[in-house]
Amino acid sequence: MAGRRATPRAGRIGIVVSRFHETVTTRLLEGARRCLAERGVPDARVDVAWAAGAWELPVLVRGMLQRKGGYQAVCALGAVVRGETPHFEYVAGEAARGLMSLQVEFGVPVGFGVLTTDTMEQALARAGGSAGNKGYDAIAAALDAAAVLGARDARSR
């Protein structure tokens, strides 16, 4: 049975990272890599792709999920910081909606590591600062879900 720190035994793990607010997103990626290392997932099983921004995350995640052989889990990392225009709501909402629909469509966990903050300071706090690292948390959630799905699939054989 999958526990708190469950990890899928084999298969590929994908991470898609937004270049927009790269100061934040590289820290989220570092957190995700730290989680993978702690759970014994070798770098050779991890593919990282870079997107222009959070808006493009769903299409790149879809590309990973459509590859032959597929992925056991994918994680999307990005940061959308509120500005003076309504772009925040559109970008954050549509990125979340797109990633959720892919997760359901493909039956593969997609960790949601897209920060939606009011300020850059809040984003940095959630990317390895005082509020932890949401990149770590997002990949951990995806790994846990993949382990549960893998255990379910093994029982149904």
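The values are calculated or read from the model by the stated rules, or taken from the named source; none is laboratory data. Being a predicted model, the structure only gives us computed values, none of them experimental. Ideal geometry is used to build each Cβ from the backbone, glycine not excepted, and the neighbour counts take in all protein chains shown. These accessible areas exclude ligands, DNA and RNA; they are computed on the full protein's heavy atoms, side chains included. Shrake-Rupley method; radii C 1.70, N 1.55, O 1.52, S 1.80 Å.
Among the candidates V24, V61, V41, V17, the residue that is open to solvent by less than 60 Å² (accessible area, probe 1.4 Å), assigned to a loop (DSSP other than H, G, I, E, B), within 17 Å of I139 (Cβ to Cβ) and hydrophobic (A, V, I, L, M, F, W, C) is uniquely V41.
Rundown of residues vs (1) modelled with pLDDT under 95; (2) of a type in the set (D, E); (3) not in a helix (DSSP H, G or I), yes/no style:
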{"residue": "G111", "(1), (2), (3)": "no, no, yes"}
{"residue": "V114", "(1), (2), (3)": "no, no, yes"}
{"residue": "Y136", "(1), (2), (3)": "no, no, no"}
{"residue": "I139", "(1), (2), (3)": "no, no, no"}
{"residue": "D144", "(1), (2), (3)": "no, yes, no"}
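Being in a helix (DSSP H, G or I), in contact with a strand residue (DSSP E or B) (Cβ under 6 Å, 6 or more places away or on another chain) and not aromatic (F, W, Y) is the requirement here; does G78 meet it? Answer is no for this residue.
Total residues in segment 67-82 satisfying the condition of being in contact (Cβ under 8 Å) with a residue 24 or more places away in the chain and either among the charged types (D, E, K, R) or surrounded by fewer than 23 Cβ atoms within 10 Å (Cβ to Cβ) (or both): the figure is 4. The one condition from (1) more than 18 Å from A127 (Cα to Cα); (2) open to solvent by less than 10 Å² (accessible area, probe 1.4 Å) that C35 does not meet is (1). When residues in segment 90-129 are screened for being surrounded by fewer than 13 Cβ atoms within 10 Å (Cβ to Cβ) and under 27 Å from A145 (Cβ atoms), 5 of them pass.
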